[in-house]
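Participant: One structure, as C-alpha cells, below. Some questions next.
The values are calculated or read from the model by the stated rules, or taken from the named source; none is laboratory data. Just so it is clear, the structure is predicted and the values come from calculations on it, not from any experiment. Here the Cβ positions follow ideal geometry from the backbone for every residue, glycine too, while neighbour counts run over all protein chains shown. SASA here: full protein model, heavy atoms, side chains in, ligands and nucleic acids out. Shrake-Rupley method; radii C 1.70, N 1.55, O 1.52, S 1.80 Å.
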Amino acid sequence: MKTELNYINLSYRTNSQKEYHIPLSYQLFGKDLFSSPIILVNHALTGNSDVSGEKGWWKQLIGDNQVIDTTQYTVLCFNIPGNGFDDFLIDDYEDFTPSDIANIFLQGLEILNIKSLHAIIGGSLGGGIGWEMLVKNPTLAEIFIPIACDFKTHDWLHAQCLVQKFLLNQNDEPLQKARIHAMLCYRTPESLNDRFQNKYNQEKHRLESEDWLIYHGNALNERFSLKSYKLMNHLLMNINANADHLEKIQARMHLISVDTDLFFPASEIRMCFEKLKEKKENVFYHEITSIHGHDAFLMEYKQLNTIIKNIL
Ligand SMILES: CC(=O)SCCNC(=O)CCNC(=O)[C@H](O)C(C)(C)COP(=O)(O)OP(=O)(O)OC[C@H]1O[C@@H](n2cnc3c(N)ncnc32)[C@H](O)[C@@H]1OP(=O)(O)O
C-alpha cells in the first residue's frame, strides 16, 4: 500500500486576492490511481492525509477489507495547506477560507487528471470543505458523505471558535488552552460525567477529568503548531457553501449526524436534509446515537461502519 507524501506545486490566488505558492501534499492508499474507483477523504481540524495504515487516524474505517476497502478503491487524501503535516505553514491565516481550500483541492484533482470521484467523505471541517467543493463542481462525485458537519458554520459553532481565537491569541499556553476548550465542545456533559465520576487523582492532586483535559492539551501541543491551529480554527469558523446551490449537487448524498453533537447539531443537519429532500430524490439522512457528541465520528465505529457499508 502506498503511503508516502506526494506533492503538487501550484499557484493560487485566494478569494481575498493574495498570491500564494502552495505545495499541496497528499497521500494515496489502496489500488493504483486510475485502476479503481477513487474515494477522496477530507480530513478534519487536527487531522492530516494519513488516514489509513498503522497510524492512520481513520484506520477503523479505511484499510484492506475495511468498510472503505483499499483492496477495491484508491483512497486519496490531501493535506489542508498549512496544517503543518508536510511542514508547510501559513502566517496570514485569515487570507484563507474553506472556499479557498476547496478551490485548491479542485485544482489538485485537475492537475492529477482526476475528472470524477466515486465518493467524497469528510468529517467535521473536512465535510464542510466537501460541501464547498461540490457546490463549485456539482458533477464531481457519485456519492457524498458529509459526517458530523454542515454546509455552513452556524452561530453557536462560530461563537465557540471565537473563544478559541481569544485563547489562541493570548500568550499563556495558547494551544493547550484552546484544545482544552475544544475537547469540551467535542464531548457532552454526559460523556465526561459518566466516564470520570468525579474521580480524584491523588498523585497529581487533581480530578481525573482535569488530568485528561491537560493530557489532550499537551498532546496536541506536541504534534501541532500554533500557526496551524489558528488557521484550522479560522477555517472552521468560516464554512459557507452557497445554500442556494446545494440542490445542484448531482451526487447521491448521505448526511450523517450525531444526535448529541454540540458543534454541528443534528437538528441543523436534519434541516439541511429536509430542504434538499424537497428538491432532490437522491438524498438520505443517518443519525449516530452516542453520548459522546461531536467526537462520536471518531469513536462510534460500529455504527459508522454499518451506515457506510450500506452506502458504498
Ligand atoms: C472540528 C473538527 O474538525 S473535529 C476534529 C478534531 N477532533 C479531534 O481532534 C478529536 C479529539 N478527540 C480525541 O483526540 C479523542 O482522544 C478520540 C476521539 C480520538 C478518542 O477518544 P477516547 O476513546 O475517549 O480516548 P481518550 O481521549 O481517552 O484517549 C486517547 C489516548 O490518550 C491517552 N490518555 C487519555 N487521558 C490520559 C491521561 N489523563 N493521561 C495520560 N494519557 C491519557 C489514552 O491512554 C489514549 O492513548 P493511546 O491512544 O496511546 O491508547
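Participant: Per q in 0.12, 0.18, 0.24 1/Å, what log10 I(q)/I(0) does a Debye calculation on the alpha-carbon atoms of the range 1-102 return?
Facilitator: With one equal scatterer per Cα and no solvent, log10 I(q)/I(0) is -0.42, -0.84, -1.24.
Participant: Tell me the carbon and sulfur percent of the accessible area for the chain, rounded to whole percent, probe radius 1.4 Å.
Facilitator: In the chain, the share of accessible area belonging to carbon and sulfur is 47 percent.
Participant: Moving on to the next point. Return a whole-number percent for the relative contact order of the range 138-234, with Cα pairs under 8 Å and 6 or more residues apart as the contact set.
Facilitator: 31 percent
Participant: With each run of n ≥ 4 DSSP H residues scored as -39500 (n - 2.57), what mean residue ellipticity at 222 nm is computed for the chain after dividing by its residue count and rounding to the nearest 500 deg cm²/dmol?
Facilitator: Mean residue ellipticity, 222 nm, calculated: -11500 deg cm²/dmol.
Participant: Same structure, new question: Relative contact order for the chain using alpha-carbon pairs under 8 Å, separation at least 6, rounded to a whole percent?
Facilitator: 18 percent
Participant: Work out the P(r) tail for the range 110-266: percent of alpha carbon pairs separated by more than 22 Å, whole number.
Facilitator: Summing the P(r) tail past 22 Å for the range 110-266 gives 52 percent.
Participant: Sticking with this structure for a sec: Once you wrap a convex hull around the alpha carbon atoms of the range 233-291, what is its projected area averaged over all directions, in nm²?
Facilitator: Averaging across all directions leaves 4.6 nm² for the Cα convex hull.
Participant: Treating cross-link reach as a plain straight distance, find the lysines whose alpha-carbon is under 28 Å from the alpha-carbon of K165, omitting any fewer than eight places away in the same chain.
Facilitator: K18, K152, K177, K227, K230
Participant: What is the range 47-199's relative contact order, in percent, from Cα pairs under 8 angstrom and six or more apart in sequence?
Facilitator: Across the range 47-199, relative contact order equals 12 percent.
Participant: Hey, if we sort F85, F151, F166 by accessible area with the 1.4 Å probe, largest down, what's the order?
Facilitator: So, going from the largest accessible area down, we get F166, F85, F151.
Participant: Which one of N193, H181, L167 is farthest out on the positive end of the charge dipole of the range 155-235, using unit charges on Cβ (Lys, Arg +1; Asp, Glu -1) and the Cα centre as origin?
Facilitator: Farthest along the dipole direction, towards plus: L167.
Participant: Please list, short to long, the whole-number percent of alpha-carbon pairs of the range 57-105 in consecutive 10 angstrom bins beginning at zero.
Facilitator: 22, 36, 28, 13, 1
Participant: Would you list the P(r) distribution for the range 97-174, with all Cα-Cα distances sorted into 10 Å bins from 0 and each bin expressed as a whole %?
Facilitator: Per 10 Å bin, starting at zero, the Cα-Cα P(r) for the range 97-174 comes out as 18, 41, 24, 14, 3 percent.
Participant: Quick one: Cα convex hull volume of the range 155-235, Å³ per residue?
Facilitator: Here the figure is 95 Å³ per residue.
Participant: At 1.4 Å probe radius, can you tell me the per residue accessible area of the chain in Å²?
Facilitator: It amounts to 45 Å² per residue over the chain.
Participant: If you project the alpha carbons of the chain onto their three principal axes, what span does each projection cover, largest first, in Å?
Facilitator: 58, 41, 40
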